Amino acid sequence: MKIAIVGPGAMGLMLAARLKQAGAEVSLLDHRAQRAQIIDRQGVFLEHPQGEDHYAIPASAQPEILAGVDLAIICTKAYHTQEVARALRAHLGPQARALTMQNGAENVETLVDALGPERVLGGITSEGATLLGPGQVRHAGRGLTHIGPAQGPVDDFTAQVLELLLAAGFQAEASEGVQNLIWTKLVINVGINPLTAILEVPNGRLLELAPAGEVMAAAVEEAVAVGRALGVRFLHEDMLASVQQVARRTGANISSMLQDVRAKRRTEVAYINGAVVRQGEQAGVPTPVNQTLTHLVQAKEAGYLG
């Protein structure tokens, strides 16, 4: 299978390396030409507990590379999804599909608007990845990966993608009901990402700080209430326990939101906790804790972005 990974951040690089190792023909699409040149020249370095692996993976800033692929895996920040959707609509082949592995609750809808529901897959993963530099990533924690079509039951193409993920060493499953997947991942991010960004601690430290655990529980409770009001069927009966388990499994991982804060970049809090607030307003479910977390992270952003 020919795959283009859109977005060479931590998750994109980790997926690219693992899928390349499994035998897929992988390329990387980056919106930054200079970084794409660096990765294209040096390849991708994957650090893991057993050591470090190196993979020669072509990278480009030209969206035309999408034309020849079977699958585009979207790993960009949620605030770039509209731009990515336009590129996919213009360059992706008519039979090719897109799989979003992004954070946030509204990426599937954006891709469906551009490509149609039959060409979009949604996915979530609790794998931990930390960006070390251009083309350099640490696989910081093992987790679970779920994928599913935007509409209808699992089909042959989704099964092929699942088989490739399993071959790449991921613990993965495929199921229908993609919004159930997306909201399950959203709740995990709601409970972990903003607190790690505010406190500037790795994921596992949240479990050692009792006040942080209380805020986590309150934020998760609100997000679950909003999801259920929207008809979401979560993958786990006890979502707080699942959030805690992910934090434990990826204890040494630096969350993507904390990575953004440390690098003085814009975060995705508006598409994670902020999405809970927006959807809560529509569903009539109060979300004061998620509103406060959103404002606190955005205040940190304002301090360095101006």
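The values are calculated or read from the model by the stated rules, or taken from the named source; none is laboratory data. On a predicted model such as this, the values are computed, not experimentally measured, just so you know. Note that we place each Cβ from the backbone using ideal geometry, even for glycine, and neighbour counts take in every protein chain shown.
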Selection count where residues are under 19 Å from the mean Cα position of the chain (by Cα) and of a type in the set (Lys, Arg), scope segment 210-254: 2
Matching residues in segment 59-79 - criterion: being exposed (fewer than 15 other Cβ atoms within 10 Å of the Cβ) and either within 23 Å of the chain's Cα centre (by Cα) or polar (S, T, N, Q) (or both): Gln62, Tyr79
Selected residue (criterion: farthest from Glu163 (Cα to Cα)) from residues of segment 112-130 that are in contact with a Lys or Arg (Cβ under 8 Å, 6 or more places away or on another chain) and hydrophobic (A, V, I, L, M, F, W, C): Ala114
Residue list for segment 235-266, filter: crowded, with 18+ Cβ neighbours inside 10 Å and free of Cβ contacts under 8 Å to residues at least 60 places away in the same chain: Met239, Leu240, Ser242, Val243, Gln244, Ala247
Single residue of Ala218, Ala168 found to be closer than 18 Å to Ile124 by Cβ, in contact (Cβ under 8 Å) with a residue 40 or more places away in the chain and of a type in the set (Gly, Ala, Ser): Ala168
Conditions (1) out of contact with any strand residue (DSSP E or B) (no Cβ under 7 Å at 6 or more places or on another chain); (2) farther than 20 Å from Gly141 by Cβ; number of the one not met by Val26: (1)
Condition met for Ala33 (touching a Leu at 6+ places or on another chain (Cβ under 6 Å) and either of a type in the set (S, T, N, Q) or over 30 Å from Thr294 (Cα atoms) (or both)): no
Given (1) touching a residue at least 60 places away in the same chain (Cβ under 8 Å); (2) not in a helix (DSSP H, G or I), number of the condition Val201 does not satisfy: (1)
Hits in segment 148-165 (condition: closer than 23 Å to Glu25 by Cα, touching a helix residue (DSSP H, G or I) at 6+ places or on another chain (Cβ under 6 Å) and touching a residue at least 40 places away in the same chain (Cβ under 8 Å)): none
The lone exception for Asp113 - which of (1) modelled with pLDDT of 95 or more; (2) more than 16 Å from Met1 (Cβ to Cβ); (3) surrounded by fewer than 22 Cβ atoms within 10 Å (Cβ to Cβ); (4) touching a strand residue (DSSP E or B) at 6+ places or on another chain (Cβ under 9 Å) it fails: (4)
